Amino acid sequence: MAFLDELAASVAGVSTAPGDVAAVATDRSGTTPRGLPSAVVRASTVDDVRRTLRLAHEHRVPVVPRGAGTGLAGGAVAGSGTVVLDLGGLDRITGIDPVDEIAVVEPGVLTADLDRAAAEHGLRYAPDPASAAISTIGGNIATNAGGMRCVKYGVTGEAVLGLDVVLADGRLISTGRRTVKGVAGLDLTALFVGSEGTLGVVVGATVRLRPLPAQTFTAVAAYESVLDAAAACSALARTRREPSVLELLDSATVNVIDRAQGTDYAARGKALVIAQADGAAAEAEIAAIADVLGKEATWTSTASDAATSEQLLFARRMALPSIERFSRALIEDICVPRSRLAEAFQGVERIARTRGVDIYSFAHAGDGNLHPIIAYDRSAQRLPDAVREAGDDIFALALDLGGTVTGEHGVGLFKRDWLAREVGADVLDVHATLKSALDPRGILNPGKGF
Ligand SMILES: Cc1cc2nc3c(=O)[nH]c(=O)nc-3n(C[C@H](O)[C@H](O)[C@H](O)COP(=O)(O)OP(=O)(O)OC[C@H]3O[C@@H](n4cnc5c(N)ncnc54)[C@H](O)[C@@H]3O)c2cc1C
């Protein structure tokens, strides 16, 4: 029997309708795939996933795992000859244990839903990508997603204790543990985290929850220049204080937010730093943080209640939507040692001037994770050369500063050449060895990641 007939006969939720496959062919990277996938499998059980992979392995058909398709690196882009394996229907939170402070979830659970469910027990799921309301835990695990709170609580991988993974040939394995500690065997959980659907399909996860902080305080400071703002973040790093959020927005970003949202942040300074502290000692912590940030600032403000805090974070949350209101955006995602953040901002400004493009930069400053957003005309049919070249310059800058070409969005389709430059031939060779051990027929998300 031909592959698609066999698939439809043995798995529920298979569609080959052009509208259905077109709807899952790309992600939020804006990539147009070559051709359309042959089918989409909307899995609602682990067995659906196992059967799909067993058949795809047998027939050597490429499979593209998909969460919610919010990825920015093209990881879930699926072209002709592929089958999209949509995990969005596996969306149950199967347990929350308030004593062990863990949740057991299926991959299609939306990240914000898990956080909300944890809150009912006085807990939180700490990793908070800005896409938390629209992206899945499975996608977050596959990209090792980050977010604002990661400066204190760590990225997704640091919250994942164990995984259920369907291998390329349909075998189901469980990695890791339900305990806080555990060192038995190789750390296969870490291997699957961030592997962008290339080594296995995540069908379940045990994740760590954290106590919901009793209180959260916010401080904002404005500066004469982005270099003053970066210097303030460095000064803060030297104090051993522990902000739970530390964000930095450059002048171009502050201006575009004002233009789109009708705010007047630019009147207070040319760059903004937004910090939060949480937990029992948050009040003393934010006072100390505000003191350091305030030294060279042109304006400061603090908030203790949720509504005012949200108002102060508003600028940061509105950064990308404001840019996208006026232009299309190539969203970059480099990470440098945080001691070199000022050089990264300076370098990006230099690249914008040299290439003649508009770049808006904001950063998870506490992690050195910088998002330079290169704007271009909405009507452009393809990525303008100057934009692509500026993107390449930014990757080169990240490597020159001892950083990486992706802090949280992943390698996906776009950064494979740059990954090779970052890690070198021997590491790529190890990647290839692992890939062929786990997916000898190369059916899992080929052409992505590494
Ligand atoms: C407005 C906006 C804001 C964003 N903010 C952030 C941010 O702050 N931080 C951040 O890190 N990212 C951010 N992103 C990027 C994106 O949301 C994340 O990469 C997210 O983790 C992707 O989740 P998803 O469910 O949409 O996965 P998808 O886009 O569907 O897939 C992403 C990758 O994971 C693989 N995959 C998905 N599910 C599975 C699974 N169950 N098993 C194996 N592989 C799987 C796919 O094959 C693909 O390679 C943002 C995106 C948008 C649009």
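Can you tell me which residue within region 75-106, out of those that are among the polar types (S, T, N, Q) and touching a strand residue (DSSP E or B) at 6+ places or on another chain (Cβ under 7 Å), is nearest to Arg60 (Cα to Cα)?
That would be Thr82.
What is the residue count in region 21-77 for residues that are part of a loop (DSSP other than H, G, I, E, B) and within 11 Å of the ligand (Cβ to nearest atom)?
Summing the residues that are part of a loop (DSSP other than H, G, I, E, B) and within 11 Å of the ligand (Cβ to nearest atom) in region 21-77 gives 18.
For region 200-220, enumerate the residues that are under 17 Å from Val46 (Cβ atoms) and not in a strand (DSSP E or B).
Within region 200-220, just Gly200 meets the criteria.
Quick one: what pairs do we get from region 304-318, first residue surrounded by 15 or more Cβ atoms within 10 Å (Cβ to Cβ), second among the hydroxyl-bearing types (Ser, Thr, Tyr), C-beta under 6 Å, 6+ apart or different chains?
Sorted first by the residue in region 304-318, then by its partner, the pairs are Ser309/Thr218; Leu312/Thr218; Ala315/Tyr265.
Based on what the data block shows, is Asp333 within 16 Å of the ligand (Cβ to nearest atom) and touching a residue at least 24 places away in the same chain (Cβ under 8 Å)?
yes
I need the full set of residues from region 142-158 which are more than 7 Å from the ligand (Cβ to nearest atom) and aliphatic (A, V, I, L, M), in order please.
The answer is Met148, Val151, Val155.
When the residues of region 401-450 are filtered to those that are of a type in the set (Asp, Glu) and in a helix (DSSP H, G or I), which remaining residue is surrounded by the fewest Cβ atoms within 10 Å (Cβ to Cβ)?
In this case the residue turns out to be Asp426.
Go through region 159-199 and count every residue that is on the phi > 0 side of the Ramachandran plot and either more than 18 Å from the chain's Cα centre (by Cα) or away from the ligand (no atom under 11 Å from the Cβ) (or both).
Number satisfying all stated conditions: 4.
Which numbered condition in (1) in contact with a helix residue (DSSP H, G or I) (Cβ under 8 Å, 6 or more places away or on another chain); (2) over 19 Å from Glu196 (Cα atoms); (3) of a type in the set (D, E, K, R) is the only one that Asp169 fails?
Unmet for Asp169, out of (1) in contact with a helix residue (DSSP H, G or I) (Cβ under 8 Å, 6 or more places away or on another chain); (2) over 19 Å from Glu196 (Cα atoms); (3) of a type in the set (D, E, K, R): (2).
A quick yes/no check of all residues on (1) modelled with pLDDT under 95; (2) within 16 Å of the chain's Cα centre (by Cα); (3) over 22 Å from Leu199 (Cα atoms):
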residue	(1), (2), (3)
Gly75	no, yes, no
Asp86	no, no, no
Pro98	no, no, yes
Asn144	no, yes, no
Val155	no, yes, no
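Filter region 224-243 down to residues that are in contact with a Ser or Thr (Cβ under 7 Å, 6 or more places away or on another chain) and buried (at least 23 other Cβ atoms within 10 Å of the Cβ), then give me how many there are.
The qualifying residues number 1.
Tell me whether region 81-94 contains one or more residues that are surrounded by 24 or more Cβ atoms within 10 Å (Cβ to Cβ), within 16 Å of the ligand (Cβ to nearest atom) and among the hydroxyl-bearing types (Ser, Thr, Tyr).
yes
Taking region 1-25, which residues are among the β-branched types (Val, Ile, Thr) and under 24 Å from Glu106 (Cβ atoms)?
Hits for region 1-25 are Val11, Val14, Val21, Val24.
Could you tell me whether region 205-223 includes any residue that is farther than 18 Å from Glu349 by Cβ, among the small types (Gly, Ala, Ser) and surrounded by fewer than 16 Cβ atoms within 10 Å (Cβ to Cβ)?
yes
For residues that are farther than 26 Å from Ile374 by Cβ and either surrounded by 24 or more Cβ atoms within 10 Å (Cβ to Cβ) or assigned by TED's automatic domain parsing to the domain that holds Met148 (or both), tally how many sit in region 244-271.
1
If Ala365 passes every condition in (1) surrounded by 15 or more Cβ atoms within 10 Å (Cβ to Cβ); (2) more than 21 Å from Thr253 (Cα to Cα); (3) under 20 Å from the mean Cα position of the chain (by Cα) but one, which one does it miss?
Against the list (1) surrounded by 15 or more Cβ atoms within 10 Å (Cβ to Cβ); (2) more than 21 Å from Thr253 (Cα to Cα); (3) under 20 Å from the mean Cα position of the chain (by Cα), Ala365 comes up short only on (2).
Name every residue in region 398-413 that is small (Gly, Ala, Ser) and either out of contact with any Pro (no Cβ under 9 Å at 6 or more places or on another chain) or within 9 Å of the ligand (Cβ to nearest atom) (or both), in order of residue number.
Of everything in region 398-413, those that are small (Gly, Ala, Ser) and either out of contact with any Pro (no Cβ under 9 Å at 6 or more places or on another chain) or within 9 Å of the ligand (Cβ to nearest atom) (or both) turn out to be Ala398, Gly407, Gly410, Gly412.
Going by the conditions given, is Val104 within 17 Å of Val160 (Cα to Cα), more than 9 Å from the ligand (Cβ to nearest atom) and at pLDDT 95 or above?
Yes: the conditions hold for Val104.
Inside region 125-159, can you point out the residues that are over 20 Å from Val245 (Cα atoms) and in a loop (DSSP other than H, G, I, E, B)?
Ile134, Ser135
Given Val109, Val63, which one is free of Cβ contacts under 8 Å to residues at least 40 places away in the same chain, surrounded by 23 or more Cβ atoms within 10 Å (Cβ to Cβ), touching a strand residue (DSSP E or B) at 6+ places or on another chain (Cβ under 7 Å) and not polar (S, T, N, Q)?
So the residue among Val109, Val63 that is free of Cβ contacts under 8 Å to residues at least 40 places away in the same chain, surrounded by 23 or more Cβ atoms within 10 Å (Cβ to Cβ), touching a strand residue (DSSP E or B) at 6+ places or on another chain (Cβ under 7 Å) and not polar (S, T, N, Q) is Val109.
Every residue in region 93-124 that is farther than 24 Å from Ala214 by Cα and in a loop (DSSP other than H, G, I, E, B), please.
Passing the criteria: Glu106, Pro107, Gly108, Val109.
The values are calculated or read from the model by the stated rules, or taken from the named source; none is laboratory data. In this text the structure is predicted, and so the values were computed from the model without any measurement. A quick note on method: Cβ atoms are made from the backbone with ideal geometry, for glycine too, and the neighbour counts reach across all protein chains shown.
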